[in-house]
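Right, one structure below, let's go through it.
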Amino acid sequence: MKSAPIALAVAAAFALGACKTLAPPDRLPELDSPEAFKTAVEQLPETERGRWKVAEPKEGEARGEWWKVFGDPVLDGLVADTMAGSPTLAAATARVTQARAVLGITDADRRVQLSAGAGPFNIRSSPGSLGLPPGTELSSNTLWRANATIGYEIDLFGRLRDASRGARLDLESSEATFESVKLALQADVARTYLELREADLDAQLLADAHALRARALALVEKRFAAGAIAEFDVLRARADLATTVAQHEAAVARRGRLENAIAVLVGRVPARVSVEASGRRAQIPRIPVGLPSSLLERRPDIVAAQRTLFANTARIGAAKAAFYPSINLTGTAGFEARDIDDVFRWSSRSWILGPFIGGLVNVPILDGGRNKARLQRAQAQYEEAVANYRAVVLTGFGEVEDNLLGLRSLSLQQDAVATAAAAAKRAAQLAQLRYDAGASSFLDVLDAQRTALDAQREENRVHGARATGTVALIRALGGGWTDPSPPAASADPAPDRTAAK
């Protein structure tokens, strides 16, 4: 068997397979991207401006352990447990593995195919092929064959290459979606944990109020028994105490639901997860916003939408190539003999490489409109991917703007509610002193205490909303950053923290 024809055929196959693809060039849709976010650096307080250098993130860079900016070891442990045990993350990992397997299946069509077989087969030649008169009776022969078949499709118009590129981009989209799922899980754990800490403080405030009201009721009952006051004050004190008890139970129940939610996120049954109560407030880090272009480079859902868009571009090329001829090179080599004992003798070798088996040209003529419909589907999928990409980008911009605006508003609210809580606490103290001196009624004391409790709870709620809003902003920005330059001097004694890259 001479190797020159085979070598020549293989060389021609690879040369023809390098032809240009029919896919349109990758092009992202035009977007009206702003130069800066609406609620950006210029709207921050004067002391905040210029503290951060402009972030320059890339989608390929690690998003880091951004949750550590809150300085809470319990949160660090919960996020680590979630990354190890979450069924949602395990499902996302399996989807990436599936996409990688699909890529392997698609790439296999671009490689040389080799198979082997052995066994008997019957053959009967026609009289005409042997130069015999018509009607001549010929007997069939049983032959034993052991051979190997090799095949390769020449990718003349890039159909296989475009299909492979589409599958590879699908894999990249799945990997970006995995990062999006991971970021969402981390954010959900952090948000739920910070809400739980807010519930801890709320329950503690109500427990303190319960103790205060219980002491007040005991004092009022003594004064009523002595005939110093009317029964009206006793009834109001009892009602106020009962209301506080109900509010405390509601806060405890809310905390329990949040703890159960954390258990589900971690991937355990609620009975196996217990988060110890803490009276410590969460630290509120400052987050560098960067430029809108950074958002497009970094958010994993935008990266996934971009890869899906480019994958559908490649599939248009594959659909166009189906209208053109395809060439399949095949060849068979092995051994063939009448007797099984002679199969593997050197004299029994045989091979076929030629127009009957190798070099077969397939030209689509009539396919019932199948190829046209496939091209229309590929083009429609591309248009859908364009619309989805635009929608994801717009959603990203909207989420960042919403969270920036929300955090700015909450920061201003925090100052107001802190002032209100301090004033209400002092007013309650003065009301108690005035009541003890007989200068005011017990109703004034109750009203002042309720106002003070409501103000303290509102201050705790706003602080908790700032913490969870910071998590939402980090998620909207696609992860965390590091500011390599030292922070500017500030009168704020709290340490500056940025999201870790």
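Mind checking which residues of region 357-382 are surrounded by 12 or more Cβ atoms within 10 Å (Cβ to Cβ) and either aromatic (Phe, Trp, Tyr) or free of Cβ contacts under 8 Å to residues at least 60 places away in the same chain (or both)? Outline the logic, then answer.
Within region 357-382, the first condition is being surrounded by 12 or more Cβ atoms within 10 Å (Cβ to Cβ), and the residues that meet it are 357-360, 364, 367, 371-379, 381-382.
Matches in region 357-382: 357, 360, 364, 367, 371, 372, 373, 374, 375, 376, 377, 382.
For first residues located in region 228-243 and in contact (Cβ under 8 Å) with a residue 12 or more places away in the chain and under 11 Å from residue 443 (Cα atoms), partners that are in a helix (DSSP H, G or I) and among the small types (Gly, Ala, Ser) and lie 6+ apart or on another chain with Cβ distances below 7 Å form the pairs 237/216. Name the one entry in 167, 207 that is within 30 Å of residue 109 (Cα to Cα), out of contact with any Lys or Arg (no Cβ under 9 Å at 6 or more places or on another chain) and touching a residue at least 12 places away in the same chain (Cβ under 8 Å). None of the other options fit; the residue is 167.
If you go through region 430-450 one residue at a time, do you hit one that is assigned to a helix (DSSP H, G or I), among the basic types (Lys, Arg) and surrounded by 16 or more Cβ atoms within 10 Å (Cβ to Cβ)? Outline the logic, then answer.
To start, the set of residues in region 430-450 that are assigned to a helix (DSSP H, G or I) comprises 430-436, 442-450.
Still in the running and among the basic types (Lys, Arg): 434, 450.
Retained after the next criterion (residues that are surrounded by 16 or more Cβ atoms within 10 Å (Cβ to Cβ)): 450.
Within region 430-450, one or more residues are assigned to a helix (DSSP H, G or I), among the basic types (Lys, Arg) and surrounded by 16 or more Cβ atoms within 10 Å (Cβ to Cβ).
Here are 238, 168, 197, 223: which of them is surrounded by fewer than 16 Cβ atoms within 10 Å (Cβ to Cβ) and modelled with pLDDT of 90 or more?
Working: 168 fails: surrounded by fewer than 16 Cβ atoms within 10 Å (Cβ to Cβ); 197 fails: surrounded by fewer than 16 Cβ atoms within 10 Å (Cβ to Cβ); 223 fails: modelled with pLDDT of 90 or more.
Being surrounded by fewer than 16 Cβ atoms within 10 Å (Cβ to Cβ) and modelled with pLDDT of 90 or more holds for just one of 238, 168, 197, 223, which is 238.
Screening residue 246 on (1) part of a helix (DSSP H, G or I); (2) in contact with a helix residue (DSSP H, G or I) (Cβ under 7 Å, 6 or more places away or on another chain) shows it passes everything except condition (2). Criterion applied to 466, 461 was being surrounded by fewer than 17 Cβ atoms within 10 Å (Cβ to Cβ) and closer than 13 Å to residue 414 by Cα, and the one residue passing it is 461.
A quick yes/no check of all residues on (1) surrounded by fewer than 22 Cβ atoms within 10 Å (Cβ to Cβ); (2) free of Cβ contacts under 8 Å to residues at least 40 places away in the same chain; (3) closer than 19 Å to residue 184 by Cβ:
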site	(1), (2), (3)
303	no, no, yes
314	no, no, no
318	no, no, no
324	yes, no, no
328	yes, no, no
337	yes, no, no
341	yes, yes, no
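Restricting 316, 284 to those that are modelled with pLDDT of 75 or more and part of a helix (DSSP H, G or I) reduces the list to 316.
Answer with yes or no whether residue 221 is acidic (Asp, Glu), within 50 Å of the chain's Cα centre (by Cα) and in a helix (DSSP H, G or I).
Values: acidic (Asp, Glu): yes; within 50 Å of the chain's Cα centre (by Cα): no; in a helix (DSSP H, G or I): yes.
In short, no.
The values are calculated or read from the model by the stated rules, or taken from the named source; none is laboratory data. Everything numeric here is computed off the predicted structure, so don't read it as measured data. Because the Cβ atoms are built from the backbone with ideal geometry, glycine has one as well, and the counts that use them run over all protein chains shown.
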